[in-house]
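Take a look at the structure below.
The values are calculated or read from the model by the stated rules, or taken from the named source; none is laboratory data. Note that the structure is predicted; figures quoted are calculated from it, not measured. When we count neighbours, we look across all protein chains shown, and the Cβ atoms used for this are built from the backbone with ideal geometry, even at glycine. These area figures cover heavy atoms from the full protein model, side chains too; ligands, DNA and RNA do not enter into them. Shrake-Rupley method; radii C 1.70, N 1.55, O 1.52, S 1.80 Å.
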Amino acid sequence: MVSQLNDESVRLHETHEIPPPDPDFEPLKVNLFERMAQGGAQLIPLFPYDHPGAIVPCAAALIGGPGKAYGHFFHWNEADEVTVSYGARGSVIGAGTIMANQNLHGVNSFLHDETDPDAFTVLTITQHQGEEGEQNEAMIARCKKCKAEIVRHEYGATPYGLEGYDAERHGAADARVRQFATILGSAEFAEIRNTEAGRTCAACGHVNDLFPTEPWGWERVVTQTTAVNAARLAMLEAAQGEKKQEMVS
Ligand SMILES: [Zn+2]
């Protein structure tokens with residue numbers, strides 16, 4: 001009996017050994033429920049890793065309420081995405097559901113009734129960063145009346161470290177926190193979509209309702225990312241000034 005157990009453990013050891021973590025990417029742990037109790041936007045990356053080949057889980061909490069509306073759009077992503085529901089009520093995506101998203105997929109709140117204050121969906125959307133070449137995405141809006149495409153906003157999402165990475169757009173080497181490509185692209189999409197031209201269907205002339213930006217919170221994340229990077233640089237400058245003062249005195 002003892003020898004059998006030993007055989008088993010030897011076999012497990014041989015077949016299931018996980019290589020030690022990359023010293024540049026310390027293993028981190030996040031509790032999704034804790035994080036999304038305070039997360040103020042949709043599609044928040046849970047970990048600070050978005051390098052080539054990284055698995056990037058992002059969280060969303062879509063909640064109903066009086067007068068609530070999330071609108072609808074399509075997301076096209078060259079990177080593969082998987083959606084996992086971490087609990088839902090009154091949602092198309094039931095608790096525990098796992099879905100492999102198609103590269104082009106429709107996005108809304110997934111709630112049967114967005115005005116129901118008891119309805120919610122807590123999700124992760126996880127994308128697998130490419131390891132080479134360029135990575136692209138698009139946000140697309142269609143006319144509510146005739147379904148013709150009214151906005152297509154395409155943007156580069158090549159990960160940091162690959163040739164196609166856009167440092168001007170997502171953060172140069174001194175940016176401690178990079179703009180998350182999908183949130184930045186989504187914020188831009190919402191702005192374009194809510195212009196007179198973006199709302200008006202070229203095919204049928206219908207003027208579509210404004211896209212509700214508040215429940216998604218993208219612009220806030222973009223602004224805060226810019227601000228925290230500036231804050232860090234201001235802090236470094238202040239520390240430099242302090243050093244110079246010391247040298248003078
Ligand atoms: Zn139309």
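How many of the residues making up the range 89-101 are among the small types (Gly, Ala, Ser) and surrounded by 13 or more Cβ atoms within 10 Å (Cβ to Cβ)? So that I can check it myself, show each step before the final result.
Here is the first cut: in the range 89-101, the ones among the small types (Gly, Ala, Ser) are 90-91, 94-96, 100.
Applying the additional criterion that residues be surrounded by 13 or more Cβ atoms within 10 Å (Cβ to Cβ) yields 90-91.
Number satisfying all stated conditions: 2.
Every residue in the range 203-222 that is outside any helix (DSSP H, G or I), of a type in the set (Asp, Glu) and more than 16 Å from the ligand (Cβ to nearest atom), please. Reasoning before the result, please.
Here is the first cut: in the range 203-222, the residues outside any helix (DSSP H, G or I) are 203-217.
Now drop any that are not of a type in the set (Asp, Glu), which leaves 209, 214.
Passing the criteria: only 214.
Taking interchain pairs and intrachain pairs at least six residues apart, which have beta carbon atoms under 8 angstrom, with the first residue in the range 140-168 and over 23 Å from residue 74 (Cβ atoms) and touching a residue at least 60 places away in the same chain (Cβ under 8 Å) and the second among the basic types (Lys, Arg) and open to solvent by less than 70 Å² (accessible area, probe 1.4 Å)? Pairs found: 160/178.
For the range 66-88, name all the residues that are charged (D, E, K, R) and surrounded by fewer than 16 Cβ atoms within 10 Å (Cβ to Cβ). Explain how you work it out, then say what you get.
Of the residues in the range 66-88, the ones charged (D, E, K, R) are 68, 78, 80-81.
Hits for the range 66-88 are 78, 80.
Sub-7 Å Cβ pairs linking a first residue in the range 114-135 that is at pLDDT 95 or above to a second residue that is among the small types (Gly, Ala, Ser) and open to solvent by 70 Å² or more (accessible area, probe 1.4 Å), at least 6 apart or interchain, are 115/67, ordered by first then second residue. Condition check for residue 38 on (1) free of Cβ contacts under 8 Å to residues at least 40 places away in the same chain; (2) of a type outside the set (Lys, Arg); (3) buried (at least 16 other Cβ atoms within 10 Å of the Cβ): one failure, at (3). Among the residues of the range 92-147, those identified as within 16 Å of the ligand (Cβ to nearest atom) and among the aliphatic types (A, V, I, L, M) are 140, 141. Note on the range 224-249: among residues that are among the β-branched types (Val, Ile, Thr) and surrounded by 11 or more Cβ atoms within 10 Å (Cβ to Cβ), the one that is farthest from residue 69 (Cα to Cα) is 228.
Looking at the range 186-202, which of the residues that are among the hydrophobic types (A, V, I, L, M, F, W, C) and farther than 17 Å from residue 155 by Cβ is farthest from the ligand (Cβ to nearest atom)? Per the stated criteria, the residue is 197.
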